[in-house]
Amino acid sequence: DSGVTQTPKHLITATGQRVTLRCSPRSGDLSVYWYQQSLDQGLQFLIHYYNGEERAKGNILERFSAQQFPDLHSELNLSSLELGDSALYFCASSGTRGNTGELFFGEGSRLTVL
Amino acid sequence: GNSVTQMEGPVTLSEEAFLTINCTYTATGYPSLFWYVQYPGEGLQLLLKATKADDKGSNKGFEATYRKETTSFHLEKGSVQVSDSAVYFCALRWIQGAQKLVFGQGTRLTINP
C-alpha cells in the first residue's frame, strides 16, 4: 500500500461527458502528479501541483484541468470526453522530508469512454 | 529534451532464466534513475533507484547500475520467477527544478514455468 488513494477505481461514461478523478496523497506529501497511461502512449505526464500551486504542465489537453485543495487532495477534471481519452489515470505524490526522488503511485482510475 | 528509451517488449522467458532489460537515457546534468514495476491490475511500485554515477540499485534480486559513460541503467536479474511477470518502467528525475518523472515506454515481461 503506497498510501496514495485514488477514486473511483473504474469509470465508464459516454463521449461528450465530464468526469472528475480524485486523489489523496500520502500523509504529509505536498506534491501531487497526474499521469495518463494508455496502451499505445505509455505513461504521459499531465500536471504537477505543489502545496496548492501548479508547478509544471506536460501533455495535458485543454479539455482537462486539475487543482490541489488546501487539504492537499487533488482532482483531475476531464471534459468533452472522447474515445481516445480512455486510459488509466495515475496520481502520485512525493514529499520534501528525506526526499530521495521517489514518487508513490496510487492504483489508478480506469476511464472507459464509450 | 530529456527522455528514456527502453528495450521494446514483450519479453518472454522461462523460469530461472537470466533477465536483462535495456534502458538508456538522454538528459542534461545528472538525474536520478529509477526502475518501477507494475504488476497486473496494480499501480506502479518503485523497484530500485540510483542517484549518482556508478551507484548500483538493488531489490528483490534485481540490480541496475547507473552508467554515466554509456547513459544507461539496464535492469538485470540472475534467475527470474513466474511472480516477476509484470511491466517494467525505467524513469529519470531531477530532485531540483522540474521534478516530474520521465518514463520509458515500459517493457512487458512474462515468465513461463
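The values are calculated or read from the model by the stated rules, or taken from the named source; none is laboratory data. Since we're looking at a predicted model, the values are computed, not measured. A quick note on method: Cβ atoms are made from the backbone with ideal geometry, for glycine too, and the neighbour counts reach across all protein chains shown. Note: accessible area is taken over every heavy atom of the protein model, side chains too, but ligands, DNA and RNA are not part of it. Shrake-Rupley method; radii C 1.70, N 1.55, O 1.52, S 1.80 Å.
The heavy atoms of A:Y50 offer some 60 square angstrom of accessible surface to a 1.4 angstrom probe.
Can you give the average number of partner chain beta-carbon atoms within 10 Å of each beta-carbon in peptide B:102-111, as a whole number? Don't skip to the end; give the middle numbers.
Working: counts 3, 6, 2, 4, 3, 0, 0, 0, 0, 0.
Per residue, the average neighbour count from other chains is 2.
Springs join every pair of Cα atoms under 10 Å in this Gaussian network model of chain B, and among B:F18, B:F89, B:F73 the largest mean-square fluctuation is at B:F18.
Pairs from the list A:K57/B:K49; A:K57/B:K56; B:K68/B:K100; A:K9/B:K56; A:K9/B:K52; A:K9/B:K68 with a Cα-Cα gap above 29 Å: A:K57/B:K56; A:K9/B:K56; A:K9/B:K52; A:K9/B:K68. For A:R63, the solvent-accessible surface computed with a 1.4 Å probe is close to 50 Å², ligands and nucleic acids excluded.
Rolled with a 1.4 Å probe across the full set of protein chains, the surface gives B:E16 an accessible area near 130 Å². In plain terms, if you count all Cα to Cα distances in the protein assembly as shown and split them into 10 Å steps from zero, the share in each step is 8, 33, 35, 19, 4, 0 percent.
In plain terms, the C-alpha convex hull of chain A casts an average shadow of 6.7 nm² when viewed from every direction.
Put simply, chains A and B cover up around 1600 Å² of each other's accessible surface, both sides summed, when a 1.4 Å probe is used.
For region B:1-110, the C-alpha radius of gyration divided by 2.2 N^0.38 Å, with N the number of residues, is 1.01. Sorted largest first by accessible area at a 1.4 angstrom probe radius, with every protein chain in place, the residues B:T26, A:T112 fall in the order B:T26, A:T112. Per-residue accessible area (protein heavy atoms, 1.4 Å probe) orders A:H10, A:H48 as A:H10, A:H48, starting from the largest.
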